[in-house]
Amino acid sequence: MGVTHVLAWGFLGLAGRITRTAWQDKPATVTRLRWRDRFRSFFQGRARTRALYRRRLLDLNPVTWLAARDRLKPVYPWIFLGIMAVVLASGVATAQNSGVSSGYPVPKGDLTPPQQTGAGLYKRYCVGCHGVKGDGNGENAPYIDPKPRDFTLAQFKCRSTPTGTLPLDSDLIHTLQRGVRGSNMPSWLPLSPENWDDLVAYIKTFSSRWKTEKPGDPIPIPTEPEVTADRVKAGQQLFQRLEVQDLRGEHG
């Protein structure tokens with residue numbers, strides 16, 4: 001539990017104590033009365049000033065006068081809210097400086113800024129299936145078929161590079177955009193292009209292959225050949241030789 005959480009719970013308990021006693025009159029000791037008068041004089045002015053102020057409030061609005069009674073301690077809530085604002089502001093600043101993304105704390109370590117952001121996104125959207133270590137053993141993995149991809153192996157099915165080589169970043173981004181049909185991998189089109197880049201940057205930290213190898217060269221895809229009578233005839237002969245008509249029928 002972080003310091004911000006501890007302080008938040010502490011202030012919540014203080015608020016509960018203030019609220020519980022705000023509408024009650026308790027017998028006060030001499031010391032308590034002395035300190036209470038000092039606080040009232042400091043925050044609300046002396047007794048004469050407070051009496052004049054409450055008289056003006058009564059002339060203005062009885063409800064306003066009721067809210068300004070001494071025993072409501074009106075300054076306490078403002079002090080509490082001010083302290084909470086300072087704590088929350090410092091917590092946000094600390095979070096931004098420590099690699100927090102999407103509400104999830106990310107250890108800085110040797111991660112680059114994109115990898116830090118990607119780690120936060122991964123822990124929000126991907127960790128349930130792919131696991132904290134990226135090995136495909138997330139808490140949802142036992143109930144998924146086919147199993148989630150193991151990023152520690154750096155082996156990907158959907159790629160434009162030869163078998164055994166690393167995919168391009170664009171290959172991984174296309175998988176994020178499309179999803180994988182017939183699996184539990186959805187499309188992540190709602191994320192921004194920057195989010196895709198950051199996720200890919202973090203996914204590549206799970207395997208050391210990305211540090212020692214480069215992605216393979218994309219496999220060239222030739223243009224579609226022109227349709228001619230000779231090609232149609234050759235295709236018909238191949239159709240009959242492979243006995244495709246037994247499965248598809250003579251007319252396909």
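The values are calculated or read from the model by the stated rules, or taken from the named source; none is laboratory data. No experiment lies behind these values; they were computed from the predicted model shown. Cβ placement follows ideal geometry from the backbone for every residue including glycine, while neighbour counts extend to all protein chains displayed.
Data overview
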| quantity | calculated |
| --- | --- |
| Complete set of residues in the range 221-243 that are farther than 30 Å from residue 162 by Cβ and not in a helix (DSSP H, G or I) | 228, 243 |
| Residue among 121, 111 that alone is closer than 30 Å to residue 88 by Cβ, assigned to a loop (DSSP other than H, G, I, E, B) and at pLDDT below 95 | 111 |
| Residues satisfying the stated conditions in the range 208-248, i.e. among the basic types (Lys, Arg) and closer than 28 Å to residue 154 by Cβ | 209, 211, 214 |
| Hits in the range 197-213 (condition: more than 17 Å from residue 173 (Cα to Cα) and either among the aliphatic types (A, V, I, L, M) or in a loop (DSSP other than H, G, I, E, B) (or both)) | 207, 208, 213 |
| Pick from the range 112-136, criterion among the basic types (Lys, Arg) and more than 18 Å from residue 209 (Cα to Cα), ranking: surrounded by the fewest Cβ atoms within 10 Å (Cβ to Cβ) | 124 |
| Tally, over the range 198-217, of residues that are touching an Asp or Glu at 6+ places or on another chain (Cβ under 9 Å) and surrounded by fewer than 18 Cβ atoms within 10 Å (Cβ to Cβ) | 1 |
| Total residues in the range 167-186, condition of a type in the set (Val, Ile, Thr), free of Cβ contacts under 8 Å to residues at least 24 places away in the same chain and in a helix (DSSP H, G or I) | 1 |
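To keep it simple, each residue is scored yes or no on (1) among the charged types (D, E, K, R); (2) over 18 Å from the mean Cα position of the chain (by Cα).
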| site | (1), (2) |
| --- | --- |
| 169 | yes, yes |
| 188 | no, no |
| 191 | no, no |
| 197 | yes, no |
| 200 | no, no |
| 205 | no, yes |
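For every residue, the table says whether it meets (1) part of a loop (DSSP other than H, G, I, E, B); (2) surrounded by 13 or more Cβ atoms within 10 Å (Cβ to Cβ).
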site	(1), (2)
138	yes, yes
142	no, no
145	yes, no
156	yes, yes
188	yes, yes
195	no, yes
